[in-house]
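Following: one structure in structure tokens, then a few remarks.
Derivation of every value follows stated rules applied to the coordinates shown; laboratory data play no part. Quick caveat: nothing in here was measured; it's all calculated off a predicted structure. As a convention, Cβ positions derive from the backbone with ideal geometry for all residues, glycine included, and neighbour counts pool all protein chains shown.
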Amino acid sequence: MIGEGTHSTNQRRHNYVQENVEVGFFTDPTVCIGCKACEVACKEWNEVPDDGFTWSGNSYDNTGHLGASTWRHVLFLEQDRQKGNQLVGSHSLGNGDGEDPFRWVFLSDVCKHCEEAGCLEACPTGSIVRTETGTVFVQDDVCNGCGYCVVSCPFGVIDRRPEPLPNAGGAFKCTFCYDRQKSGLVPACAKVCPTESIVFGRLDDLRARASKRVQQLKQNGYDDAQLYDPLETSVRGIHAFFLILGEPEAYGLPPKPQIPTIYLKSAWTSAFATAIASIIATLLAFAFFS
Amino acid sequence: MTTNSPSEKRLEELREQAWKESAVTGRGVDVAGGPIPRKPGYYGQAVVKPPVWTWQVPLYFFSGGIAGMSAVIASGAIIFDHIDLARTAMWLASIAGAILSPVLLIMDLGRPHLFLNMLRVFKHRSAMSMGAWILTAFGACAVPGLIAIELHAHQIFPGTLDQLLRVAAGIFVFAAAIFGTLLATYTGVLIGVTAIPAWFLHRTLLPIHFGTAGLGSAAAVLELLGHRMPALNFLGFYAAAVETALLIWLSVDKHDKADRAIHEHASGWLIRIGEVLNGPLALVLRLFGLIPLAAISFLIGALVSRFGWIAVGKVSGADPEAVFAAERY
């Protein structure tokens, strides 16, 4: 499954943009080694500015969260659970029976490139568009920094870049390396991933590969392995989907993400009702109290 | 040997905390060796992004509400032949709606020089796009309406031309009123249709609140400008009564952790203070005939609650538990 070398879709040239093929990322934490090569490659290729160096104290994660200047983010989870059929050490610091199940999970988080994207729907300038490969792309020269996409993303991915960083004021997020894809190249993060924890490829291939991987892991004792791909909610699936161990909440992923436009009907109904009530109240006021 | 010096006491405190909680928290010493997990979600990180909007946005909600509803009052005044009131109301609508509101909205953009990009596309599924078009349409009706009504009032042109101006004034003011009701209410849709739990859970209440606060504020400003009329007093009563009802709605319609930003924190206090000022307090003051005080109370309340709702968004968006809890609703 892993280590396909030069045969891997991560290392091959492709024509997905020209052929309008839906692409995706499948990210698998069980083979991630937490090297952060994806973070570095992303920053270097896309010339994303550094946004400060802070000591978080949260395991090996000093990146924090996705944002305007962080388009890949490796999560470091420390959980008191066993990882697959691994041997559990026993030592004096454990629970009553002397065992101390512990697992360290790494997962490279990224913009999900939703099938129904909240940011894209919210954008009033038409800056955010859907590309030929089904990914969501922000045209920086069009964005005027209104900030509405920021509160419309159910995953908290896109953000407005603050002063004094370069190109401040605009909204930024993962581009899915659209520029590289147009030239037949693989996104920078997938290209550098040494264990193919991040796999780039055709969306349908990846979905098949992912469900096979989940089965394989379950056979190996990873009982809580599952896919995070909200196909059943109004987001209708994501192009960058994940295999996760345990509950999505622990990864800061919403269990049931919804695109905010599902609230449009009730909100506008209320607005129109208020508009009509205000007109009636005003007419009554002048008719009876003049 | 122990001493009572502050530094020794601090060490005793740390030992106490370590003994009781089996971990000592602090910057940089948060995880290693501690029981896991102690914070909700991923190290307590926000799941959705809180709004980046600053003070200009709540102030815009306030000025847009006044502007839009002023045009509604101006229309009523024209129909029932209160031309002086209609003129003041249209000045208010034009200054607040065609100057103040666009300036505030542009100031809040990350790239103000690109504000015209708002009019590149028309997206009915984006409340921000609709708002930009509503504000533009409102300004394009309110300003000509004001010019026509003023020219007519001063009888600048003779005979037929004056009659034409009268008709034009009517058309522009009525059109401004229609766009005005949308200008005052769409802001509730704008923040109600987002991923912020405390906002989208109250998407029905928000347009009612923003629109009615706009109507009451417009009436209050006109009263403070010297138009003491029973009609405006009635609108003051109406708005304060609706706001009182909304205060009750908000305190009954609780969603536990999902919208705790409304009931806890400083943001919750802002909402409550605002709603009391423009709800029950304005109502009582008006019942006692203290019209100027009631008007001032309503205006301050309407302004404070707009800031409160943005503050609620910042608190609620940064709260991972609110996002997880809201998915049940």
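So the values come out like this:
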{"quantity": "Relative compactness, the protein assembly as shown, computed as alpha-carbon Rg over 2.2 N^0.38 Å", "calculated": "1.13"}
{"quantity": "Net charge contributed by nearby residues that have their C-beta within less than 12 Å of residue A:218 (K/R +1, D/E -1)", "calculated": "0"}
{"quantity": "Angle in degrees between helix A:264-288 and the longest Cα principal axis of chain A, rounded to the nearest 10", "calculated": "20 degrees"}
{"quantity": "Cα gyration tensor of the range A:227-281 - equivalent ellipsoid semi-axes, whole Å, descending", "calculated": "38, 11, 6"}
{"quantity": "Ratio Rg/Rh [Cα only; Rh per Kirkwood] for the range B:51-193", "calculated": "1.03"}
{"quantity": "Per-residue Cβ neighbour rank within 10 angstrom, fewest leading, B:108, B:81", "calculated": "B:81, B:108"}
{"quantity": "Proxy reagent accessibility, fewest Cβ within 10 Å first, across B:229, B:128", "calculated": "B:229, B:128"}
{"quantity": "Point-to-point label distance, residue A:7-residue B:107, nm (Cα→Cβ direction, 7 Å offset)", "calculated": "6.4 nm"}
{"quantity": "Nearest-ten-degree value, helix A:203-219 long axis tilted from longest Cα axis of chain A", "calculated": "50 degrees"}
{"quantity": "R0 of 60 Å, Cβ-Cβ distance residue B:55-residue A:223: FRET efficiency to nearest 0.05", "calculated": "0.75"}
{"quantity": "Point-to-point label distance, residue A:55-residue B:39, nm (Cα→Cβ direction, 7 Å offset)", "calculated": "1.6 nm"}
{"quantity": "Equivalent-ellipsoid semi-axes of the range A:5-257, from the Cα gyration tensor, Å, largest first", "calculated": "31, 22, 17"}
{"quantity": "At least 20 Å along the helix axis (C-alpha) and Kyte average at least -0.5, DSSP helices within chain B", "calculated": "B:56-79, B:127-153, B:159-192, B:205-224, B:230-252, B:291-317"}
{"quantity": "Helix-derived mean residue ellipticity, 222 nm - over chain B, DSSP H n ≥ 4, -39500 (n - 2.57), to 500", "calculated": "-22500 deg cm²/dmol"}
{"quantity": "Cysteines, chain A, no other Cys beta-carbon under 4.7 Å", "calculated": "A:32, A:35, A:42, A:114, A:123, A:143, A:146, A:153, A:177, A:193"}
{"quantity": "Relative exposure of B:152, B:263, judged by other C-beta atoms within 10 Å (fewest first)", "calculated": "B:263, B:152"}
{"quantity": "Within a Gaussian network of chain B (alpha carbon springs, distance under 10 Å), most fluctuating of B:114, B:270, B:224", "calculated": "B:114"}
{"quantity": "Column: log10 I(q)/I(0), Debye, Cα scatterers of chain B, q = 0.07 Å⁻¹", "calculated": "-0.38"}
{"quantity": "Candidates B:146, B:285, B:303, ranked by Gaussian network fluctuation over chain B, Cα under 10 Å, top entry", "calculated": "B:285"}
{"quantity": "Efficiency of FRET between residue B:163 and residue A:280 - r from beta-carbon atoms, R0 22 angstrom, step 0.05", "calculated": "0.15"}
{"quantity": "Prolate/oblate/rounded label for the range A:178-242 (Cα gyration tensor, a/c 1.5)", "calculated": "oblate"}
